[in-house]
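What follows is one structure encoded as structure tokens, with my remarks underneath.
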Amino acid sequence: MAHLAVTARAAAWPALAAAAWLLAGCSTLAPPGRAADTVACTDLFAQVDARVERAGVRDADSAELPGFAFLRINRLLASLGATAADDPARRAAWLEQLAALDADGRAVEMAALDAAPAARRAQLDALNGCRQTLVAAVARDTQALARLRDVARVPDAYRTWQRVLGLYPLAALAARPGVARLQRDEMPRAVDWQTPPPNSRVYGLPVPAPGASAPLPRDVLDLPTPDAATLAALLERHAPTWIVDTAGAADVPGAIGRDGDTISVDTAAPTVYSYPSYTRFDGRVLLQLNYVVWFAERPVSGPFDLLGGPLDGLTWRVTLDVDGQPLVFDTMHNCGCYHLWLPTARLQARATAHDSAEPPWIPFSVDGARRLALHLAAGTHYVRAVGAAPAHADTTLAHRPYDDLRRLPQAHGRTRSLFAPDGLVHESRRPERWVLWPLGVPSAGAMRQRGHHATAFVGTRHFDDATAIERYFERASPLLDGGVPERHGEAVR
């Protein structure tokens, strides 16, 4: 049956390829925006979407927009949509960002569908040309823009039907004491290491030469826009050190691989994956630097262990202030669990922060001017302590882009994502999902793709929520002219 399905798709490809080549030239055959052009381009996106759905290779890195198959969105852009729509320059830049997200997702999907580079390139060229035509048509159509604003949001990472069937109000009431106990029992310590703890290994990127922090250039949407070299330097400068208690291979961060449905972690190549993201705070858009490590498993400790299972990992995130200095750090496991906030002295918790349905986990403040290290427990990989890093690492981590996880090499020239079309890594599911399902988190404990991390069981909260920092924190001091934070009348260095 699988062979027949593959054969049918292969037979359909020549017709699609021919259509792709014809449509790639639609912008030169007739003036952009003509009804014939938009209809043909809409049909092309529909045909490609059908192929993607049949093959099960939809990329969930950003959210689809109903009625606008040529655009995708994330939570940052959703938060900017209302104000961007009122200004022509900001609106054009916003549409360009939505189009770029779709182009990125389509490239991942085509790499999973088509092994032949020429066929893949022809399809992407056709889609890119049609996307320009359709974006231009939307930009001129006030009704289409109004519809776009109405759908410009990201669905939350919770399932309402689970909460309804699970009697969520009662389940949440029962869950609160457990959340409070977890925050109390697993609270990390603040530590400065002269030497790492015994039975641990220290992993890190090479320490870069000292460099001055400076404000980054910004676009019309206020998005920081570092060039590739500057971004690479920032990722190296602010990378954490990982101190991991080591009881076995499950405590070595490795490189992810996939062979069909089998996921592997190559511990012979200790690796950290990184990516930039953006958030909003104090009226500005801020750059964030994300660092992700993966372990082969969280070992099962016994027959009643609901939390153990294949694949485990952590994300460490650095949010840079307008002057390029760290503002706040936070970390979570790659299931969205155990989300910790570690503010610098530039911030203070709002008085209302702990009045939320599930209070944020804010154990202590850290010194943003020093390279930091996370101490992880063996097996559980819980964060035991955070503090200034040791001078040297035992092992240098390979540094790879997070997007590699969306393009893991497969046989015959194709690629496959670590993540399923719903953003989950189903191979990493945990028994705890059967206990926690009334709280609405799909497959609680399973690893997830960025953009799909629910970080609270009581209430709703997302790791990529663009307003999370200002919901829980406020500046400890006002900004001086030029956007530099003030501290006792002096700029922070």
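For Val202, the test of being under 26 Å from Pro359 (Cβ atoms) and either outside the structural domain of Asp37 (by TED's automatic domain parsing) or surrounded by fewer than 12 Cβ atoms within 10 Å (Cβ to Cβ) (or both) is failed. Checking Ala82, Ala60, Ala46 one by one, the residue that is assigned by TED's automatic domain parsing to the domain that holds Ala137 and modelled with pLDDT under 95 is Ala82 and no other. When Pro442 is tested against (1) modelled with pLDDT of 95 or more; (2) not hydrophobic (A, V, I, L, M, F, W, C); (3) not in a loop (DSSP other than H, G, I, E, B), just one condition goes unmet, and that condition is (3).
Does segment 59-86 hold any residues that are part of a loop (DSSP other than H, G, I, E, B) and in contact (Cβ under 8 Å) with a residue 12 or more places away in the chain, and which are they? Walk me through how you get there before you give the answer.
Of segment 59-86, the ones part of a loop (DSSP other than H, G, I, E, B) are 59-62, 66-67, 74, 85-86.
Within segment 59-86, Asp59, Ala60, Asp61, Ser62, Pro66, Gly67, Asn74, Ala85 qualify.
So if I check each of Arg140, Arg189, Arg176, Arg121, which one is of a type in the set (Lys, Arg), out of contact with any His (no Cβ under 6 Å at 6 or more places or on another chain), in contact (Cβ under 8 Å) with a residue 24 or more places away in the chain and not assigned by TED's automatic domain parsing to the domain that holds Ala385? Full working, then the answer.
On the way: Arg189 fails: not assigned by TED's automatic domain parsing to the domain that holds Ala385; Arg176 fails: not assigned by TED's automatic domain parsing to the domain that holds Ala385; Arg121 fails: in contact (Cβ under 8 Å) with a residue 24 or more places away in the chain.
From the options Arg140, Arg189, Arg176, Arg121, the qualifying one is Arg140.
Residues satisfying the criterion are absent from segment 169-187 (criterion: surrounded by 13 or more Cβ atoms within 10 Å (Cβ to Cβ), in a loop (DSSP other than H, G, I, E, B) and in contact with a Gly (Cβ under 8 Å, 6 or more places away or on another chain)).
Return yes or no: is Ser27 modelled with pLDDT of 95 or more and either within 26 Å of Gly423 (Cα to Cα) or buried (at least 17 other Cβ atoms within 10 Å of the Cβ) (or both)? Here the answer is no, as Ser27 does not meet what is asked. For segment 196-228, taking the residues that are part of a loop (DSSP other than H, G, I, E, B), of a type in the set (A, V, I, L, M, F, W, C) and more than 20 Å from Ala369 (Cα to Cα), the one that is farthest from the chain's Cα centre (by Cα) is identified as Val220.
For segment 419-433, filtering for residues that are out of contact with any strand residue (DSSP E or B) (no Cβ under 7 Å at 6 or more places or on another chain) and free of Cβ contacts under 8 Å to residues at least 40 places away in the same chain leaves 2. Thr83 meets the conditions (1) farther than 30 Å from Ala454 by Cα; (2) surrounded by fewer than 16 Cβ atoms within 10 Å (Cβ to Cβ) in every case but one. The failed one is (1).
The values are calculated or read from the model by the stated rules, or taken from the named source; none is laboratory data. Owing to the predicted nature of the structure, the values given are computational and were not obtained by experimental measurement. For neighbour counting, all protein chains shown are included, and Cβ atoms are generated from backbone atoms with ideal geometry for every residue, glycine included.
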